[in-house]
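Comments concern the structure below.
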């Protein structure tokens, strides 16, 4: 299948080129990026999806017994629960999750409660023992 150049595959509504994938799917009169965004990501469509999410149970595509995340469903129509939303396609955690946990641990260690639990005392005791071992 030969795909015509962008000048020949213009959208009737917006005068923009229809995407290659849209053209291959059979879209000949509309299917530019603006049409796609208006259809799926318009404020009206987002409001519809939010109302539907609040009215009925929409399950995760991997875990049907868990409810999908509202923000992901509303914005992108993604049916993912909180656990799936944090994972890549190969089910490994995203880097941002590790960064958040690391920051949270640092905040805890610096907090009054973390200091009361003796985290810094344990660290300083270990350092002191290493220094003493090196002197001998």
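The values are calculated or read from the model by the stated rules, or taken from the named source; none is laboratory data. Please read all numbers here as calculations on a predicted model, not as lab measurements. So basically every Cβ, Gly included, is an ideal-geometry build from the backbone, and we count neighbours across all protein chains shown.
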Name the residues in the stretch 53-67 that are in a helix (DSSP H, G or I), over 20 Å from the mean Cα position of the chain (by Cα) and within 19 Å of residue 82 (Cβ to Cβ), would you? 54
Run residue 8 past the list (1) in a helix (DSSP H, G or I); (2) over 25 Å from residue 75 (Cα atoms) and report the number of the one that doesn't hold. (1)
Take residue 115 and decide whether it is touching a strand residue (DSSP E or B) at 6+ places or on another chain (Cβ under 9 Å) and either modelled with pLDDT of 85 or more or not in a loop (DSSP other than H, G, I, E, B) (or both). no
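Identify, please: which residue in the stretch 68-89 is part of a loop (DSSP other than H, G, I, E, B) and in contact with a helix residue (DSSP H, G or I) (Cβ under 7 Å, 6 or more places away or on another chain) and is, among those, modelled with the lowest pLDDT?
86
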